[in-house]
Amino acid sequence: MGRLEQHLSNFNNTISEQIKNNRDISVVTHIDCDGLTSGAIITKALIRAGAKISVHTTKEMNSTIIKNLQSDSHDFHIITDLGGGFAKQIGEALGQNWFIIDHHEIPQEEHDNDSVINAWKYGINGGIEICAGGMAFLAAKALDKRNSDLASIAVVSALGDRQDQGERKSFLGKNLEIVEEAKTNGSLKVDMDLLLVGRETRALVDALAFTSQPFIEGLTWNRDASLALFKSAGIELKDGGRWRTPSDLTEEEKRIIIESITKFASNQNASQIMEELIGHTYTFPVEEPRSFLRDAREFSTMLNSCGRIGRSGVGIAICMGDRNKILQEGENILLEYRKLIRDYMNILTNERWRISDSAKCVMVNGEGIIPETMSGTISSLLAGSPKNAGKIIILRTNGEENTIKFSSRKSTGCKTELNLSTLMKSGAEKFNGIGGGHDAAAGAKITKDKLDGFLDYLEDNVNGNINQN
Ligand code: C5P
């Protein structure tokens, strides 16, 4: 038995014991797509196993949260998609009564902690081969093989964390195995298709205009240009009274659209645009056609929106299988989220003083406008814009209690050797803050009084040639 299997079996034994003794279990998870999916997978598996359980979400792990875990009424805690770097503190607060299921890089000493079930411990790259949803899925299957039907939710989690980094947006490593499992149990269909956002739900013109990966200068975020392209290509935009969506397109229509986009982008890097525009799509045939749950990428966007605008419960309920009335709520959340993103991006475009652009980095000041929970979304969007290609994006905004939240991303084509996780973690630590994440996407939080020092640190390490540590 490998080390991962051993630890999963230990997870099964410990949790089964907890359930047998009727102990009260709490799941604490992160608010993003990977957090909601991993939390939902574990919660569902535990409910099926007869556990007494409740689930909570938080936007981060910190010492206040750990104190709350210590003083709440639950006997056992399972923390998903959170907690890397906090194992010692959590152990001091909760004794043996906890597990972390995660994929974020962790310090070496946590590799030896039996309560930590983290991809990196088992030689799995948690950045691209599996995320917390995938790890939770493995743990759920260790509890009962029948939880294999949750594979589709694990696929959503991997898409939410943009782990579709194989050729043509395929998956790598463990994620690929999870995709195969979901295909085998009939819940997933994988195709090669046009990668327009809102495949099942958005009118064609919007789907093309709001697709920002690839970013097509003149077309992306320009509805008029998108409309003109469809008109001149002779594509019907409506089917009777209903707006057609990308999923309605015939193969011939797709061919025509690809040709039109190629022509439109002929003075840009057309071959790269095409490379990004066609790739693997992941569809759940059991979901209603034209529902935002049918395309797995749209599903993941909906979950991200739930968490980002403070409606995590709706996302978790949907992942656990709730449908009917809750779907309308999910749809409203998605619309609200899209509107907020448009508003924030417009403000950043209009208020140029908020952006300071250098050869290697774009620093963005979102203070006073972008809520902390949306900082990751906006920095990811900025990282997808060709204007910022090759650079590091660092967005900052206000956090709670006089803190400043930083969200950093490597943009498309960014070749720097700088590891953003190390940059954010060591930097934050120098200024008594908290930071971490992945090579290409990381965050940090410091108190406001340390802002100038932290900005100088970033300037030195990103634009200067100082090595981190
Ligand atoms: O907050 P943001 O979206 O910028 O974070 C990027 C990535 O870094 C996420 O995966 C997040 O979970 C991770 N992160 C972390 N520790 C922090 C801040 C962010 O692991 N203190």
Contacts under 6 angstrom Cβ, first residue in the stretch 366-389 being more than 26 Å from Glu401 (Cβ to Cβ), partner open to solvent by 30 Å² or more (accessible area, probe 1.4 Å) and not in a loop (DSSP other than H, G, I, E, B), 6 or more apart:
Ala383/Arg409
Residues of the stretch 17-44 satisfying the condition of being under 17 Å from His74 (Cβ atoms) and assigned to a helix (DSSP H, G or I):
Glu17, Gln18, Ile19, Lys20, Gly39, Ile42, Thr43
Taking the stretch 358-376 and the residues there that are open to solvent by less than 20 Å² (accessible area, probe 1.4 Å) and under 19 Å from the mean Cα position of the chain (by Cα), the one that is nearest to Arg162 (Cα to Cα) would be Gly376
Could you tell me whether Ala444 is near the ligand (Cβ under 10 Å from one of its atoms), among the aliphatic types (A, V, I, L, M), touching a Phe, Trp or Tyr at 6+ places or on another chain (Cβ under 8 Å) and part of a strand (DSSP E or B)?
yes
Selection count, the stretch 257-270, where residues are over 31 Å from the mean Cα position of the chain (by Cα) and open to solvent by less than 50 Å² (accessible area, probe 1.4 Å)
1
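Table: residues versus (1) surrounded by fewer than 22 Cβ atoms within 10 Å (Cβ to Cβ); (2) of a type outside the set (D, E, K, R).
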| site | (1), (2) |
| --- | --- |
| Ser379 | no, yes |
| Lys391 | no, no |
| Thr397 | no, yes |
| Phe406 | no, yes |
| Arg409 | no, no |
| Met424 | no, yes |
| Gly433 | yes, yes |
| Asp449 | yes, no |
Quick one: in the stretch 334-354, which of the residues that are of a type outside the set (Phe, Trp, Tyr) and open to solvent by less than 40 Å² (accessible area, probe 1.4 Å) is farthest from Gly413 (Cα to Cα)?
Leu334
Could you check, for the stretch 10-26, whether at least one of its residues is within 14 Å of the ligand (Cβ to nearest atom) and open to solvent by less than 60 Å² (accessible area, probe 1.4 Å)?
no
Considering the stretch 112-155 alone, what residues qualify as being open to solvent by less than 30 Å² (accessible area, probe 1.4 Å), farther than 20 Å from Gly186 by Cα and not small (Gly, Ala, Ser)?
Val116, Ile117, Asn118, Lys121, Ile124, Ile130, Cys131, Met135
Please report, ordered by residue number, the strands (runs of 3 or more DSSP E) entirely within the stretch 315-407 with at least 1 residues that are of a type in the set (Asp, Glu) and more than 16 Å from the ligand (Cβ to nearest atom).
355-357
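The values are calculated or read from the model by the stated rules, or taken from the named source; none is laboratory data. What you are looking at is a predicted structure, and each value in this text was computed from that prediction instead of being measured. Heads up, the Cβs are rebuilt from the backbone with ideal geometry, glycines too, and the neighbour counts pull from every protein chain shown. Surface areas here come from the heavy atoms of the whole protein model, side chains and all, with no ligands, DNA or RNA. Shrake-Rupley method; radii C 1.70, N 1.55, O 1.52, S 1.80 Å.
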